[in-house]
1. If you rotate chain B onto chain A, whose Cβ in B ends up lying nearest the axis, and how many Å away is it?
2. What's the magnitude of the charge dipole for the protein assembly as shown around its Cα centre, counting Lys and Arg as +1 and Asp and Glu as -1 at the beta-carbon? Answer in Debye, nearest 20.
3. Work out from phi, with θ = phi - 60° and the Karplus expression 6.51 cos²θ - 1.76 cosθ + 1.60, the ³J(HN,Hα) of each residue of region B:26-33, listed in order in whole Hz, and give x for Gly and Pro.
4. Given A:Ile43, A:Thr29, A:Met16, which one lies farthest toward the positive end of the charge dipole of region A:1-75, if we put +1 on the Cβ of every Lys and Arg and -1 on the Cβ of every Asp and Glu?
5. I need the Kirkwood Rh of chain B: take the reciprocal of the average 1/r across all distinct C-alpha pairs and report it in angstrom.
6. If one takes the longest principal axis of the Cα atoms in chain A, at what angle in degrees, from 0 to 90 and to the nearest 10, does the Cα axis of helix A:71-85 lie?
7. Starting at the first residue of region A:48-62, write each ³J(HN,Hα) from the Karplus equation 6.51 cos²θ - 1.76 cosθ + 1.60 with θ = phi - 60°, in whole Hz, x for Gly and Pro.
8. Once you wrap a convex hull around the alpha carbon atoms of the protein assembly as shown, what is its projected area averaged over all directions, in nm²?
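Every number in this text was worked out from the coordinates using simple rules, so none of it is lab data. Note that the structure is predicted; figures quoted are calculated from it, not measured. Quick reminder, even Gly has a Cβ in these numbers, built from the backbone with ideal geometry, and neighbours come from all protein chains shown.
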Protein chains: 2
Amino acid sequence: MDETQTSWREQGKPPMLFKRFAFGSYGQTREFLDALAALAEEIGQHPQNINFGTTYVNITLEAQDGKTIGAPEHAFATRIDALASGPG
Amino acid sequence: MDETQTSWREQGKPPMLFKRFAFGSYGQTREFLDALAALAEEIGQHPQNINFGTTYVNITLEAQDGKTIGAPEHAFATRIDALASGPG
């Protein structure tokens, strides 16, 4: 029931990308959040919203131009996916 | 419009404590989130949900016994308040 979604879902007006990540422990959740903060700092781009509890993180990415989800948003999403599947 | 609430609000069934914190910058938001993670680690107690964007953090604390908001929840809330008003 509470599993990581396989892909990002486009939703809303203005359009946003949304994905839920599930983790087996708070430690894993924390590692993901820390890696996400470091990535955001590195690329100077932040999710519009991050919603988390001890074993899940829901992420919403907004359209950079406020209108359409395109290459920049999908590139950001792909880098976030990599954090969740990375070692550690 | 988007300001830190002056106090925690009790809501829901089972009851929860909720408060919104607003910050002037992402740096301040980040500092608060990091301090909150350290506090949670220290006391082994985690908010049920944390919802944040670049300049706000919404926190929901659940009742430890699943039924009533009491001293433990208010103590946790007070320590979280202290993080937001602390130096730095």
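1. Nearest Cβ to the rotation axis, residue and whole-Å distance: B:Asn51, 2.
2. Dipole about the Cα centre, nearest 20: 440 debye.
3. With coefficients 6.51, -1.76 and 1.60, one gets 5, x, 5, 4, 4, 4, 5, 4 Hz.
4. The listed residue farthest towards the positive side: A:Met16.
5. Here the Kirkwood hydrodynamic radius works out to 13.2 Å.
6. That works out to roughly 0 degrees.
7. Per-residue couplings from phi come out as 5, 8, 10, 10, 9, x, 5, 10, 8, 9, 9, 10, 10, 10, 8 Hz.
8. Here the figure is 11.3 nm², rounded to one decimal.
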